[in-house]
Each structure stands twice: as structure tokens, then as C-alpha cells.
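Structure first, then comments.
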Amino acid sequence: MATSPTPPDASGASAASRIPAHIHRRRWLILCVLMLSLLIVVLDNSILNVAMKTIATPAPTGLGATQSELEWAINSYTLVFAGLLFTSGLLGDRLGRKKVLLFGLAVFGTGSVLAAVSASPAELIAFRALMGLGGAFVMPATLAILMNVFEREEQPRAIGVWAGGVGLAIAVGPIAGGLLLDRFWWGSVFLINVPIVACALVAMVFLVPDSKDPAPGKLDPAGVLLSVVGLVLLVYGIIKGGQLADFTVPEVLATVLGGLVVLAGFVVHQRRSDHPSIDIGYFRKPAFSAAVAAIALVFFALMGVTFFIVFYVQSVRGYSPLESGVLILPLAAAQLIFAPRARLAVDRFGARAVCTVGMLVVAVTMAGMLLLGTDTPIWVLEVLFFLQGTGMAHIMPPVTVAIMQSLPREKAGSGSALNNIFRQVGGTLGVAVLGSLLSTTYRTGIQDSLDALRGVPGPVRNAAGESIEATLGLAARLRPLAGRALTVKADDAFLHAMHVTALGSAAVSVVGAVVVAAFLPGKMAPGPHAAEPRDGQKAGATR
């Protein structure tokens, strides 16, 4: 019996010749497995946000971590993760994305166990860095495998579901963290990763196919080294500037400028090399360059707000970690609902219009944080979260599709890595810049109240000005009347600092809307044709 011809994809190859039939049949099951591996990376960070207050308390309840140590518990992961993303994407394209993903999951699980039994903040920071190593090999591989098991016409829908998985992780993380912290010690928030990693590893072995670039060309060790050194220096300088609340000190300037110089050298090397790790020419495409800029800007705004909202909900409003997790549900639910459907809006209105409106919605919700006070009805925060999640859901899938479909399929690992690099650098800048703005504004607002405390040593007053949690810790040790007065002053100072920071986030989101409106194409152009390798095998073929 005659069969109808299979329609060609963007590169001119038929679905049958590009993706084996048995892989095509189980593509949605493969996506579920990939989302499971994505879940642990996002879940871990969202759980840690809820657990920060507990980890800051003295032993045996927590580790007695200072504000700086809490930041490094987050940033050590980010530093290693961002520094190795591009390298892991290249290795996935060269060695096989499934192999790289299995390695990353195993390392992440090992780091989770060690982080759970940390005896000091220093150990927690070190083991979080190990988890960052594993996460760097997980994130690019999941999206790269997705691009190699779905045909072009289904990729926007698959990426929408993939992005919706982030919303699921955001929902599960804080609630799981709150439940664990209510019943177990703080280390349980890391130990929960282990059974998820075990399930993902088993499912990955049996269900997920391997894929790689069939003609990767020569290895580019100089390019790899330059990318790692440049990213690590840049991210470290950003983190250090945020910790010092001053980006003009020589240490910060030298590190940031050094990272930018090394990355500029990487770009020059890639342009001159006959076997570059990434074709710099892709950045000349408006769809590609505007999309990565949009990702960086939206995560800059989002991560800064995420950092302070935990302290608003728990320290100012007095909610428990579990209650705090439940309060984040609207943000997650909106992403879970709308991200898989974003492609429908893009098909009708175009990526430029959808992403611009999404950015403006995020900006409005950031500015809406000015409505929050010590006794604001909590439903106001819930509405802001839902609208913010809706805006995010209409930004991330279209820009991710724009990035991934701008590259040949065989370079999916590198493309996914670039997507995550700009997200991480933007998020790190957000925590550092907006976090330092929050800290500086808070210290300015609380300093007079701390200076007025007689009988309290100067070093104790200085330490109490680091964060609202530190101030509340001092207030708990004062006489009841003085303690209540200091608590009221701390709440007022924090709310003012939070409002200033939220305005900064809103301004960055508006900049993102301008960039998207100016440079992101309304309709996506067809992706580049895959190069035909010398052995005749279709590029990016899935095995």
C-alpha cells in the first residue's frame, strides 16, 4: 500500500530521515524524562530560597550563616554553573548529549548528598559548587536533546511544555522545602534531590536516545579555555561587586574588566579560527541577539525580586517556610498554564508583539510591589505573582525558540548553552546589583535606629545592619519595648529598600521591552540548513 510522503523540515530532510520512527513515537515520553532532569536543577534553587532563613539561624537549627555566606551558597553554584555551561554544551555536541546528561545528573546527586551533611557554611558553599558542576552538564543537554527528537513544526510546542516545567519546579520547590523544614533538619532540602536523580538516571538510560554532531570538526581547546576563564572572571566580579555593594573598588573592576577582555579575546579567536566552537555570525541575526538580550534582562529583573521577596514574606509578614512556598503558587501556576500555549499567541500576533507585551506585564508587576506593606492584604501579592508568571510565560518560550531555531540542529548543545549563559549572567547581575541596592538602602534606613541603641557594641550594631534578619536577631535580644521599636523600624527600612529595588527591576524590564520591540522579528525566519557531513549521515541525527 502506498504511503504519503513525509513533509520536509526546515533543513530539507524528511522527518523519517532525520528522526527514526521509534524515537518519533515516544518523543513526548522523552520530553517528560528531560523535564524530570530539569526539575531537580530548578527545584534545588527554589528550595534553597525558602531555606535561607533557616540556614541563617544558629546551630543546631541551622548553620548560623551570615548574609555574605548565604549569598555565596547561591553564588558558588552560579559561578561554576555559568563558567562551564558553554564547555558542557560543546562536549554534548561532540561526545553525545545523553552521556553528558547522565554525567551531570550523577555529579549533581553526589553534590546534593554532601551538601545535606555539611557541617559549616564553608562546606555548604563548596558542595553547592559541586552541584553547579553537575547542573552545568544537565541544563544544555536537556534542551539540545529536545531539539533532536522533535521536528521544527513541533519544537515551539515542546519548548513551551519544557518552559512550563520550570513553572512546575517553582511550584513544587518552595512547598516541598516548607514541608521538609517543618518536619526535618535543613539538610533535607538537598537530600530530596537524590531520589529524583535516581529516577531520572534510570529513565534516561532506557528511554532517551543519544545524539551528537556527526561532523564536529577539530577540537578548539583555546576557545574552550577562553570561554571558561572569561565567564568565571566576569561572574565572580559581578558577585563580588554585589557583596561589597560597590562596583568601583579595584578588585571588582579588575575582575569584571579582565573577564570582558578574555571574552573579547574569545570572540576574536572564534572569528579567526577555521574550526570555531560557535559561529559568531549568529549574533548578527536580530532574532538571535534580541532573544539572548531579552533572556538576560528578564532574569536580571526577576532574580533580584526573588531574592528579597522571601525576606518580605517570612521576616516582615511572619509566614512560615511552608506558607511562603504556597504563596508562590500563583507565579508557578501561571507559567505552567500559559507557557505551553504561548506558541498560539505567537502564531497569531508574532513573537515581537507577544514578548514586548510580556516584558511590559513583568515591568508593571515589579512596580506593583510598591503596593506591599506590613499589613497589605496578601491577595495583592498573589495577583502580582500570577500576572508576573503570565508575562514570563509569554517571554521565555518564544525567545528560546528564536535562539534554538537560529542555529543548525547539530549545534543544539552550543545553542542551549548560550541560552543558559545569558540567563545565568543576567540573573547573577540581578542578584548582585539589585541585592546591593537593597542592602545599601536598608542599611541607610536602619542605621540611625541602630546608632541610637546605647549599650550595644559598635561591631554588633554594624552586623545588625547587614540585613533585616540580622536586625531582628538583635531586636530579639533587647528589652521588650526596645525590641518592638527596633522591629518596627526594621520593617519600615526594609519595605523602603524593597520598593526602591522593585522600581529598579521594573526599569530593567522596560529596557527589555524596548530591546524586544526594536530588534526581535515579528515572524521567525526558517532555520539554517544543516551542513551535510562527510560520511553522508544527516546532521544532528538521533540514534
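Of the residues 240, 53, 99, the one with the fewest other Cβ atoms within 10 Å heads the list, and the complete ranking is 99, 240, 53. Checked against a 29 Å cut-off, the cross-linked pairs 212/240; 53/489; 240/285 give Cα-Cα distances beyond that limit for 212/240; 240/285. Pair-distance distribution P(r) for the range 62-124, from all Cα-Cα distances in 10 Å bins starting at 0: 19, 41, 26, 12, 1 percent.
An ellipsoid equivalent to the range 220-274, defined through the eigenvalues of its Cα gyration tensor, has semi-axes of 26, 9, 6 Å when rounded to whole angstrom and sorted largest first. Step by step: find N for the range 345-442, compute 2.2 N^0.38 Å, then divide the Cα radius of gyration by it. What's the final number? It is 1.34. Net charge within 11 Å of residue 446 by Cβ-Cβ distance, Lys/Arg positive one each and Asp/Glu negative one each, not counting residue 446 itself? My count for the surroundings of residue 446 gives -2.
Put in order of Cβ neighbour count within 10 Å, fewest first, the listed residues 378, 403 become 378, 403. Of 255, 428, 440, the sequence from fewest to most neighbouring Cβ atoms within 10 angstrom is 440, 255, 428.
Local charge for residue 316 was computed over the other residues whose Cβ lies under 11 Å away, with Lys and Arg +1 and Asp and Glu -1, and equals -3.
Read-outs throughout are calculated quantities, based only on the coordinates presented, and are distinct from any laboratory measurement. No experiment lies behind these values; they were computed from the predicted model shown. Here the Cβ is made from the backbone with ideal geometry for all residues, glycine too, and neighbour counts use every protein chain on show.
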